[in-house]
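Below you'll find the structure, written out as structure tokens, and then a few comments.
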Amino acid sequence: MTYCLGIVTRYGLVMAADSRTNAGVDYISTYQKLFDFSDPGQRVLLLCTSGNLSITQAVMNLLQQDLHLKESENLHTIPSLYEVAHYVGSKVRQIQAQERPWLEKDGIDFKCTLLLGGQLRGEAPGLYMIYSQGNFIQATPETPFLQIGETKYGKPILDRTLTYETPLEDAAKGALLSIDSTMKSNISVGPPIDLVMYETNSLFIRHQLRLRLGDPYLAKIRRLWEISLREAFERMPAIDWGQHLDLLEEDLLAD
């Protein structure tokens, strides 16, 4: 399984992804899911992938091939981030058209989803989710984050803490806590964790890291987060059972 997310705020962009693709008692594999296609000084382009690994790897190879062959349309020549999303979607459709019939024949799930985040010179940063069909949606100030893969465990913390005005460093911490919450509840999501933080209009990635299994910072935030949650839980007021029983009796008498 997979968990990747992108966050866009007034101050920039955060992209994060785990690296686990299979988990079981005796078999765990890891593959990179966050890819950097940036042209420093001109554009920052980041892609996260989830779903069928053979499909997403083929899409990444096509994108690299167009860059290597200097095709007239490639990730470094397309003039807007919206058109980049459309171009990546067309590559997804191309691979789907080639492979889908054979995968369907054997009952193999062929679906994939990608996150595209970045900024082109002269534009604001943007974040898109690209579906298996090649179509896509865009994050907005009202919905400043997008997730793919195993999303449900990491979503509550994002819903409660993130807005378009969230400082970038806080957004990065929120991303890591969201991934850690997912790892805590689902063995199919795991390290190494790739994290990129991009500052608006810098057109260069200055902050990126890979957190491996047993990383001291990853262990520290998990420990502190669990302590904070327990303390917050203990501060919650006790349930007033008597008050609710009185109200129930009043309702019964009224009936």
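Read-outs: derived from the displayed coordinates by stated rules, not from any lab. A quick note: this is a predicted structure, and the numbers were derived from the prediction, not measured. As a convention, Cβ positions derive from the backbone with ideal geometry for all residues, glycine included, and neighbour counts pool all protein chains shown.
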Next item on the list: Please work out the Kirkwood hydrodynamic radius for the range 7-103, using every pair of different C-alpha atoms, and report it in angstroms with one decimal place.
Entry: 15.1 Å
Checklist line | Cβ-based exposure ranking for Leu127, Leu168, Leu53, in which fewest neighbours within 10 Å come first | finding: Leu53, Leu168, Leu127
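Could you list Met236, Met15, Met60 in order of exposure, starting from the residue whose Cβ has the fewest other Cβ atoms within 10 Å?
Numbers: Met236 7, Met15 30, Met60 19.
Least crowded to most crowded, the residues run Met236, Met60, Met15.
Based on DSSP, what percent of beta bridges with both residues in the chain are antiparallel, to the nearest 5?
100 percent
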Next item on the list: Measure out, as a whole number of angstrom, how far apart the alpha-carbon centroids of the range 177-225 and the range 53-90 sit.
Entry: 26 Å
Margin query: Under the 0.36 nm per residue contour assumption, what length would be gained going from the current alpha-carbon distance of Lys184 and His76 to full extension?
Written below: 35.0 nm
Next item on the list: Divide by every residue of the chain the summed helix terms, -39500 (n - 2.57) for each DSSP H run of at least 4, and state the resulting mean residue ellipticity at 222 nm, rounded to the nearest 500 deg cm²/dmol.
Entry: -13000 deg cm²/dmol
Next item on the list: Apply 1/(1 + (r/R0)^6) to the Cβ-Cβ distance of Gln42 and Thr143, taking R0 = 25 Å, and write down the FRET efficiency to the nearest 0.05.
Entry: 0.35
Margin query: Spelling out what I want: for every residue of the range 137-142, take phi, set θ = phi - 60°, compute 6.51 cos²θ - 1.76 cosθ + 1.60 (Karplus), and round to whole Hz; glycine and proline get x.
Written below: 10, 10, 5, 10, x, 7
Next item on the list: Would you mind counting up the charge near Leu62? Only other residues with Cβ under 13 Å from its Cβ, with Lys and Arg at +1 and Asp and Glu at -1.
Entry: -2
Item checked: Length added when fully stretched, Gln98-Leu229, from 0.36 nm per residue minus Cα-Cα -> 42.3 nm
Margin query: Show me, for the range 148-160, the HN-Hα J-couplings you get by feeding each phi into the Karplus relation (A = 6.51, B = -1.76, C = 1.60, θ = phi - 60°), rounded to Hz, glycine and proline as x.
Written below: 9, x, 7, 8, 5, 6, x, 6, x, 5, 5, 4, 8
Note to self: Please arrange Lys155, Lys33, Lys105 by how many other C-beta atoms lie within 10 Å of their C-beta, fewest to most.
What the structure shows: Lys105, Lys155, Lys33
Next item on the list: Return one number: the angle in degrees, 0 to 90 and rounded to the nearest 10, between the long axis of the Cα atoms of helix 168-185 and the longest principal axis of the Cα atoms of the chain.
Entry: 70 degrees
